[in-house]
Amino acid sequence: MNGRLPSPEAFSLHVGSIFLLSLTEDSTLAALCLCEVEQWHRGEFLGCSLRFSGPDLGRPAHDTYQLEHAHLGVFSLFLGPVVDGTAKAGEVCYQAVITRLKPHRSNLPKEIEGHE
C-alpha cells in the first residue's frame, strides 16, 4: 500500500541512504541511493528535486515507481533518468521533481475562505 509522499525536509535527512525501487509490491527492480535533495521556492510554489543513483533498469525508465525506505515508508514517485556527470561507471542518475502550492490561507478565493 502506498503512503503519503515525505516532505523535502524528510528526504534531506536521508541523503546517502538506500531506497528499494519496484513497479509493484512484489517486484523489486533495484536499490537506489538518494544522492541529492535540492529545495526551492518560487512565487506560490514550493518544490524539490531528488536525485538518485543506481543501476540501469534495462527498460524505459520514465515511470511511476513504488519506493520503500526503512524510515520514510512506502510511497509512489515518478522518476526518469537524467544526464549527470557525477554518475559512476555502470550507474544511472534518476530524478524526481516535486512541486506543491504554498499552504497560505490568503490564497483561497473569498467565497471559499470560510468553508475549510
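The values are calculated or read from the model by the stated rules, or taken from the named source; none is laboratory data. The structure presented is a predicted model; accordingly, all values stated were derived computationally and were not measured. Quick reminder, even Gly has a Cβ in these numbers, built from the backbone with ideal geometry, and neighbours come from all protein chains shown.
Restrict the check to segment 45-57 and report whether at least one residue is out of contact with any helix residue (DSSP H, G or I) (no Cβ under 7 Å at 6 or more places or on another chain), among the charged types (D, E, K, R) and part of a strand (DSSP E or B). Spell out how you get there, then give the answer.
Of the residues in segment 45-57, the ones out of contact with any helix residue (DSSP H, G or I) (no Cβ under 7 Å at 6 or more places or on another chain) are 45-47, 49, 51-57.
Subsequent filtering for residues that are among the charged types (D, E, K, R) retains 51, 56.
Checking which are part of a strand (DSSP E or B) leaves us with 51.
Yes, because at least one residue in segment 45-57 is out of contact with any helix residue (DSSP H, G or I) (no Cβ under 7 Å at 6 or more places or on another chain), among the charged types (D, E, K, R) and part of a strand (DSSP E or B).
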Exercise for the section: Pull up segment 58-71, narrow it to residues that are in a loop (DSSP other than H, G, I, E, B) and under 16 Å from Ala96 (Cα atoms), then point me to the one that is modelled with the highest pLDDT. Expected result: His62
Handout entry: Flag if Leu34 is at pLDDT 95 or above and under 13 Å from Ala96 (Cβ atoms)
Key = yes
Exercise for the section: With respect to His62, determine if the residue is in contact with a Gly (Cβ under 7 Å, 6 or more places away or on another chain) and either of a type outside the set (A, V, I, L, M, F, W, C) or buried (at least 17 other Cβ atoms within 10 Å of the Cβ) (or both). Expected result: yes
Exercise for the section: Would you mention how many residues in segment 65-92 are more than 13 Å from Ile18 (Cβ to Cβ), of a type outside the set (S, T, N, Q) and surrounded by 10 or more Cβ atoms within 10 Å (Cβ to Cβ)? Expected result: 14
Exercise for the section: Out of the residues in segment 46-57 that are buried (at least 18 other Cβ atoms within 10 Å of the Cβ) and not aliphatic (A, V, I, L, M), state the one that is nearest to Leu101 (Cα to Cα). Expected result: Cys48
Problem - Count - residues of segment 53-75 that are within 18 Å of Arg4 (Cα to Cα) and without any contact (Cβ under 8 Å) to a residue 40 or more places away in the chain - result: 1
Problem - Pair list, Cβ < 6 Å and 6+ apart or interchain, from segment 30-52 residues that are closer than 13 Å to Gly16 by Cβ to residues that are basic (Lys, Arg) and at pLDDT 90 or above - result: Cys35/Arg51; Glu36/Arg51
Handout entry: Among the residues listed as Gly43, Gly16, the single one being out of contact with any Gly (no Cβ under 9 Å at 6 or more places or on another chain), within 25 Å of Leu101 (Cα to Cα) and exposed (fewer than 14 other Cβ atoms within 10 Å of the Cβ)
Key = Gly43
Exercise for the section: Might you let me know whether segment 22-33 holds any residue that is surrounded by 14 or more Cβ atoms within 10 Å (Cβ to Cβ), in contact with a helix residue (DSSP H, G or I) (Cβ under 6 Å, 6 or more places away or on another chain) and within 17 Å of Asp84 (Cβ to Cβ)? Expected result: no
